[in-house]
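For reference, the structure is listed below as structure tokens.
The values are calculated or read from the model by the stated rules, or taken from the named source; none is laboratory data. Everything numeric here is computed off the predicted structure, so don't read it as measured data. Cβ placement follows ideal geometry from the backbone for every residue including glycine, while neighbour counts extend to all protein chains displayed. Each accessible area value is taken on the protein alone, full model and side chains, heavy atoms only, with ligands, DNA and RNA left out. Shrake-Rupley method; radii C 1.70, N 1.55, O 1.52, S 1.80 Å.
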Amino acid sequence: MSSLAFSIGTVNPRKFRIPNKRLIKISDSKEASNIRLSSQYPQKSSLPIVQKNVNPNTLHSRREALGFSFCFGFLDVLLQSEESVAAEAAPCELTVAPSGLAFCDKVVGTGPEAAKGQLIKAHYVGKLENGKVFDSSYNRGKPLTFRVGVGEVIKGWDQGILGGDGIPPMLAGGKRILKLPPELGYGVRGAGCKGGSCIIPPDSVLLFDVEFVGKA
């Protein structure tokens, strides 16, 4: 950094005294909070000067190191993002639990698992077995908020998120495909029925792409 010079008019040195204040030196570091204090002023100067007489070669070296660090960090994030997209696009082989619920983890989360009765948030896309989408929280732009494991949602959801019966619990940040048999979905009644037509026909097998966002 270049030196800063200040001029405050003409001052009589015999009548002007500078108290023994501290200088603030900001170290050349990534953390802005890394501040060191010096108790003396530099000689031949009546006002503090920040980073005086810094070797320019040292500054260039530090700038180059920071530049390389930023580039490598950006590439690492980019590669991780591509790996995540590739993992989601890869074919997902369903595992069937004794209850008849089938599941497959597209992305294993890194956060905590949900506890029974906990208020959580989850995004989802619901499809019939023929691939027709009947509902999506993504289209609404807002995840579903509910208490898991207490019957506020269909049984397949509670079991598919909390785990049990051979199914591992979902972790926050995870994405899972669930395939629900009718008895763990809307059963013989179906859902959204009006005038003899149902959005979800009776005895439907349902497919859900579930993203466990985390606790609400």
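Do we find that Pro169 is part of a loop (DSSP other than H, G, I, E, B) and buried (at least 16 other Cβ atoms within 10 Å of the Cβ) in this structure? Before you say what the answer is, go through the steps one by one.
On the way: part of a loop (DSSP other than H, G, I, E, B): yes; buried (at least 16 other Cβ atoms within 10 Å of the Cβ): yes.
So Pro169 fits the description; yes.
Inside segment 113-137, can you point out the residues that are more than 18 Å from Leu180 (Cα to Cα) and in contact (Cβ under 8 Å) with a residue 60 or more places away in the chain?
The answer is Ala114, Gln118, Leu119, Ile120, Lys121.
Can Tyr124 be described as assigned to a loop (DSSP other than H, G, I, E, B), surrounded by 15 or more Cβ atoms within 10 Å (Cβ to Cβ) and not β-branched (Val, Ile, Thr)?
In short, no.
Considering each of Lys155, Lys215, Lys194, Lys175 in turn, give the residue that is touching a helix residue (DSSP H, G or I) at 6+ places or on another chain (Cβ under 8 Å), surrounded by fewer than 18 Cβ atoms within 10 Å (Cβ to Cβ), among the basic types (Lys, Arg) and at negative phi. Walk me through it before giving the result.
Numbers: Lys215 fails: touching a helix residue (DSSP H, G or I) at 6+ places or on another chain (Cβ under 8 Å); Lys194 fails: touching a helix residue (DSSP H, G or I) at 6+ places or on another chain (Cβ under 8 Å); Lys175 fails: surrounded by fewer than 18 Cβ atoms within 10 Å (Cβ to Cβ).
None of the others qualify; the one that does is Lys155.
Would you mind telling me which numbered condition in (1) outside any strand (DSSP E or B); (2) open to solvent by 20 Å² or more (accessible area, probe 1.4 Å); (3) touching a Phe, Trp or Tyr at 6+ places or on another chain (Cβ under 7 Å) Arg189 fails?
(3)
In segment 82-110, which residue that is open to solvent by less than 70 Å² (accessible area, probe 1.4 Å) and farther than 21 Å from Gly164 by Cβ is modelled with the highest pLDDT?
In this case the residue turns out to be Ala90.
So in segment 187-216, with the set limited to residues that are without any contact (Cβ under 8 Å) to a residue 60 or more places away in the chain and charged (D, E, K, R), which one is farthest from Ala102 (Cα to Cα)?
Lys194
What is the one condition in (1) in a loop (DSSP other than H, G, I, E, B); (2) closer than 16 Å to Lys155 by Cβ that Pro202 does not satisfy?
Every listed condition holds for Pro202 apart from (2).
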